[in-house]
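**Q** Can you keep this structure in mind? I'll have questions shortly.
No lab work stands behind these numbers, since they all come straight from the coordinates. Not measured: the values here are computed from a predicted model. All Cβ positions, even for glycine, are placed from backbone atoms using ideal geometry, and neighbour counts span all protein chains on display.
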């Protein structure tokens, strides 16, 4: 299974935002370390940490780190479509319940459960992602992921082909890659 060099590495966007707001930034090297802190949290994000897909208090997480890595790849596959576990990341940080998790433009929230981004993820993806985190399923359904990915590809193509390209000769899908972890059958 593919995994980043150092799962749970600190998100530079959140470190910067903590500094700007005069807050401490604490990151953990592992899920286990985060689970040992009552305020430990798991954050899945895309676009180098600027889009928060999912958060959960670490103590509620009933899956392993490899499953979280697969989950962030699946969430990226239906949103940013970067196809990179350097861009779509799993982080373990200190965030008490009731606090925000900063991104560049999007903010996540630490609730007393699994929080998923309501604008970036469909209700069905959100429900299955929660089930993965809570250990009720191993992965989001492959057919659902493919349908959501195809729909998002259609939206991106339609939007991008209506506008002039950023760089002449650049194809509409220049920044879209296959999922970092292949979608299940």
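**Q** Using 0.36 nm times the number of residues separating residue 163 and residue 111, minus their current alpha carbon distance, what extension gain do you get?
**A** The span from residue 163 to residue 111 would gain 14.8 nm if fully extended.
**Q** Could you give the C-alpha radius of gyration of segment 52-98 expressed as a fraction of 2.2 N^0.38 Å, taking N as the number of residues it contains?
**A** Working: Rg = 11.3 Å, N = 47, 2.2 N^0.38 = 9.5 Å.
The reported ratio for this selection is 1.19.
**Q** What is the diffusion coefficient of segment 20-104 in µm²/s, taking the Kirkwood radius over Cα pairs and the Stokes-Einstein relation at 10 °C with a viscosity of 1.306 mPa s?
**A** The estimated diffusion coefficient comes to 122 µm²/s.
**Q** A further question on this structure: Out of every Cα pair in segment 105-185, what percent are spaced more than 19 Å from each other?
**A** In whole percent, the long-distance tail amounts to 53.
**Q** For the chain, what are the per-bin percents of Cα-Cα distances with bins 5 Å wide, up to the bin holding the maximum?
**A** P(r) for the chain, in whole percents per bin: 1, 9, 17, 21, 21, 14, 9, 5, 2, 1, 0.
**Q** Mind pulling up the Rg/Rh value for segment 23-73? Radius of gyration and Kirkwood radius, both on Cα.
**A** Taking Rh as the inverse mean 1/r over Cα pairs, Rg/Rh reads 0.95.
**Q** Can you give the helix-only mean residue ellipticity at 222 nm for the chain, where every DSSP H stretch with n ≥ 4 adds -39500 (n - 2.57) and the sum goes over all residues, rounded to the nearest 500 deg cm²/dmol?
**A** -10000 deg cm²/dmol
**Q** Then there is this: From Cα pairs below 8 angstrom and at least 6 apart in sequence, can you work out the relative contact order of segment 12-144, rounded to a whole percent?
**A** In percent, rounded to a whole number, it is 28.
**Q** When ranked by the protection proxy of mean other Cβ atoms within 10 Å per residue, highest first, what sequence do the peptides 68-79, 155-166, 30-41 form?
**A** Final packing ranking: 68-79, 30-41, 155-166.
**Q** Calculate how steeply helix 123-133 sits against the longest principal axis of the alpha-carbon atoms of the chain, using the helix alpha-carbon long axis, and give the answer as 0 to 90 degrees to the nearest 10.
**A** The two axes meet at around 40 degrees.
**Q** Give me the distance between the Cα centres of segment 22-91 and segment 113-185, rounded to whole Å.
**A** Measuring centre to centre over Cα atoms gives 17 Å.
**Q** Each label point is 7 Å from the Cα along the Cα-to-Cβ direction; what then is the distance between the points at residue 60 and residue 127, in nm?
**A** 1.7
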